Amino acid sequence: MSLALRAMTTADLPAVAGLETELFGDEAWSLETLLAELTELPGRFYLVAHDAGTVIGYAGLLVPGGDQADVLTIGVARRRWGEGIGSMLLEALLSEAVLRGCREVFLEVRVDNKRAQRLYRRRGFSEVGLRRGYYQPSGADALVMRLETGPPAGRGRGRTAREAAL
């Protein structure tokens, strides 16, 4: 196995769109949406997990500025569930958030996606709210979860991983 993470490119989008459909069905992001996320919209950071050149997972983060970030998506091919790939992708997103000075990371997760909720809780996310009818077209509710990644504002700024390496 040669599992690795790297920045997503436009060449990855057909494979990512296929995984989106496999994982999310009618609620999958279209190829056009994925392209816009990757190339047109500011503050985005996208990764793919690949094994011997085959895309088996992906993840995205939004850092609009300031000290907050949002996990936009994480997906792993079903045939590779249970191998820690989702955890690797999440850790990479959180590391990027810290490098960009974020003190909090938010995300939404379907209320019926217990597998993803367990991943987020293991990493320290806690539930902070509920968005009714968030997912379309199903109308499924979303839990809003939050992770504090650094000291609260006004308490001084800790060193980022990048600064600590210097």
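Each reported figure results from applying straightforward, stated rules to the coordinates on display, with no laboratory input. Because the structure is predicted, anything quoted here is derived from the model rather than measured. As a convention, Cβ positions derive from the backbone with ideal geometry for all residues, glycine included, and neighbour counts pool all protein chains shown.
A few comments on the model shown:
- Only one item in (1) 37, 36, 31; (2) 44, 39, 33; (3) 48, 33, 32 matches Cα extents along the principal axes in Å derived from the coordinates shown, and that item is (2).
- Dipole magnitude of region 77-132 about its Cα centre (Cβ charges: Lys, Arg +1; Asp, Glu -1), debye to nearest 20: 300 debye
- Rounded to the nearest 20, the Cβ-based charge dipole of region 1-122 about its Cα centre (Lys and Arg +1, Asp and Glu -1) stands at 560 debye.
- Cα lying deepest toward the dipole's positive end in region 6-110, options Ala28, Gly66, Ile56, charges on Cβ: Ile56
- Among 98-111, 35-48, sorting by the average number of other beta carbon atoms lying within 10 angstrom of each residue, highest first, gives 98-111, 35-48.
- Taking a Cβ cut-off of under 13 Å around Leu34, the surrounding Lys, Arg, Asp and Glu residues balance to a net charge of -4, with basic ones at +1 and acidic ones at -1.
- Multiplying the residue separation of Arg6 and Trp81 by 0.36 nm and removing their Cα-Cα distance gives an extension gain of 25.1 nm.
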